[in-house]
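Trainee: If you scroll down you'll find the structure; I have some questions about it.
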Amino acid sequence: MIKSMTGFGKSILQLPTKKVTIEVKSLNSKNLDLNARIPSQYREKELQMRNTIAKALARGKVDFGLYVEITAEETSTKINEAVVKDYIEQLKSIFNTGEATEYMKMAVRMPDALKTIREEINEEEFKAINDALRSALTEIDSYRIDEGKALEKDFNIRIKNIGELLEKVIEMDPERIEGVRERLLKAVSDLKEEVDQNRFEQELIYYLEKFDITEEKVRLANHVAYFTSTLNSSDSNGKKLGFITQEIGREINTIGSKSNYAPMQQLVVQMKDELEKIKEQLLNVL
């Protein structure tokens, strides 16, 4: 079973005096790249929340947002009464004339006219927020599993196509070797020279061995089978699948360079096309 690194999870928590919304979004990345937007009063708990997210998501470019909306009548911002009164007295002494409301309008715009009362984190409240975060992470995990199923279906199709193309290569190989042999014989006969038959046979064997792809066919078949078994394992290991595709690509390229036979090279091009589509999608696998 594989998982995608793309996902989205959201959880809304209604507390007595506020509504807390948690959103977690992830995209593909080689490692865990976590960006968090948290109100200042929850900063001391940021590391704990980051650890919770890291354990749940492992990899990906993750955006985590915690948004707080005050629903009670009281607010955390208060008028700094002493400071505002002092500003008003100073304004009166400067201008001497004017209405009190005008002085008030100017005073509240001055620095420190408003003060924010920092709330202490209530442990019961944070426990509820942490539970909401876990709920959002469960949702994003389900999203990743669903995306992974779609990717897995596509991978199975692509790797099956490579396997079928390899079967065609195997069927075609005797015909290719015979063609190589005939071309060499024709090249020698065109020279119209007497040749040492034993020496010719040795040279023929050398060239046939040079074009032999038996090892590549066996290794490619093994890599294809290994990719399929890894894909169907209980873990989601995109990096391991990426390493296997590198080996698959290496064998396909070697077959292409050794084949020296147009019909087989056409099959190699088709295998490369299927492999590139797999590699592109693997970038999004956890």
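The values are calculated or read from the model by the stated rules, or taken from the named source; none is laboratory data. Everything numeric in this text was worked out from a predicted model, so none of it was measured. In this analysis, Cβ positions are derived from the backbone assuming ideal geometry, glycine residues included, and neighbour counts consider all displayed protein chains.
Trainee: In this structure, is Lys217 of a type outside the set (A, V, I, L, M), in contact (Cβ under 8 Å) with a residue 40 or more places away in the chain and surrounded by 13 or more Cβ atoms within 10 Å (Cβ to Cβ)?
Mentor: yes
Trainee: Show the residue pairs that are 6+ apart or on different chains and have beta-carbon atoms under 6 Å apart, the first residue being within region 131-146 and of a type in the set (S, T, N, Q), the second being buried (at least 19 other Cβ atoms within 10 Å of the Cβ).
Mentor: Every condition considered, the pairs that remain are Ser135/Ser11.
Trainee: Among the residues of region 133-164, what is the count of those that are buried (at least 20 other Cβ atoms within 10 Å of the Cβ) and either farther than 18 Å from Gly242 by Cβ or in contact with a Pro (Cβ under 8 Å, 6 or more places away or on another chain) (or both)?
Mentor: Adding up the residues that qualify gives 4.
Trainee: May I ask you to list the residues in region 28-43 that are farther than 21 Å from Lys240 by Cβ and either touching a Gly at 6+ places or on another chain (Cβ under 7 Å) or outside any strand (DSSP E or B) (or both)?
Mentor: Answer for region 28-43, where residues must be farther than 21 Å from Lys240 by Cβ and either touching a Gly at 6+ places or on another chain (Cβ under 7 Å) or outside any strand (DSSP E or B) (or both): Arg37, Ile38, Pro39, Ser40, Gln41, Tyr42, Arg43.
Trainee: Continuing with this model, one more query. Would you tally the residues in region 236-268 being surrounded by fewer than 18 Cβ atoms within 10 Å (Cβ to Cβ), hydrophobic (A, V, I, L, M, F, W, C) and either farther than 26 Å from Arg181 by Cα or touching a helix residue (DSSP H, G or I) at 6+ places or on another chain (Cβ under 8 Å) (or both)?
Mentor: So the count comes out to 1.
Trainee: Can you pull out the residues in region 1-15 that are under 12 Å from the mean Cα position of the chain (by Cα) and part of a strand (DSSP E or B)?
Mentor: Result: Ser4, Gly7.
Trainee: Assess whether Glu89 counts as being of a type outside the set (S, T, N, Q) and modelled with pLDDT under 75.
Mentor: Working: of a type outside the set (S, T, N, Q): yes; modelled with pLDDT under 75: no.
Here the answer is no, as Glu89 does not meet what is asked.
Residues are listed down the side, and each one gets a yes or a no for (1) polar (S, T, N, Q); (2) at pLDDT below 95; (3) within 20 Å of Thr6 (Cβ to Cβ):
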position	(1), (2), (3)
Asn222	yes, no, no
Ser233	yes, yes, no
Thr254	yes, yes, no
Ser259	yes, yes, no
Asp273	no, no, no
Leu283	no, yes, yes
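Trainee: Could you check how many residues of region 182-220 are assigned to a helix (DSSP H, G or I) and at pLDDT below 75?
Mentor: Looking only at that region, the number is 22.
Trainee: Go through Asn35, Asn28 for me and flag whichever is surrounded by 15 or more Cβ atoms within 10 Å (Cβ to Cβ), farther than 30 Å from Asp112 by Cα and not β-branched (Val, Ile, Thr).
Mentor: That would be Asn28, the only listed residue that is surrounded by 15 or more Cβ atoms within 10 Å (Cβ to Cβ), farther than 30 Å from Asp112 by Cα and not β-branched (Val, Ile, Thr).
Trainee: Taking region 269-286 only, how many residues are surrounded by 16 or more Cβ atoms within 10 Å (Cβ to Cβ) and not in a helix (DSSP H, G or I)?
Mentor: Residues meeting the conditions: 3.
Trainee: Still on this structure, I have one more. Is it the case that Glu251 is charged (D, E, K, R) and closer than 29 Å to Glu209 by Cβ? Walk me through how you get there before you give the answer.
Mentor: Values: charged (D, E, K, R): yes; closer than 29 Å to Glu209 by Cβ: yes.
Considered against the rule, which asks whether it is charged (D, E, K, R) and closer than 29 Å to Glu209 by Cβ, Glu251 comes out as yes.
Trainee: When both residues are 6+ apart or on different chains and their Cβ atoms are under 8 Å apart, which pairs have a first residue that lies in region 40-67 and is outside the structural domain of Glu23 (by TED's automatic domain parsing), and a second that is surrounded by 14 or more Cβ atoms within 10 Å (Cβ to Cβ) and at pLDDT below 95?
Mentor: none
Trainee: Could you list all residues from region 13-25 that are modelled with pLDDT of 95 or more and in contact with a helix residue (DSSP H, G or I) (Cβ under 6 Å, 6 or more places away or on another chain)?
Mentor: Ile22, Val24
Trainee: A follow-up question, please. Determine whether Lys10 is modelled with pLDDT under 90, basic (Lys, Arg) and surrounded by fewer than 17 Cβ atoms within 10 Å (Cβ to Cβ).
Mentor: no
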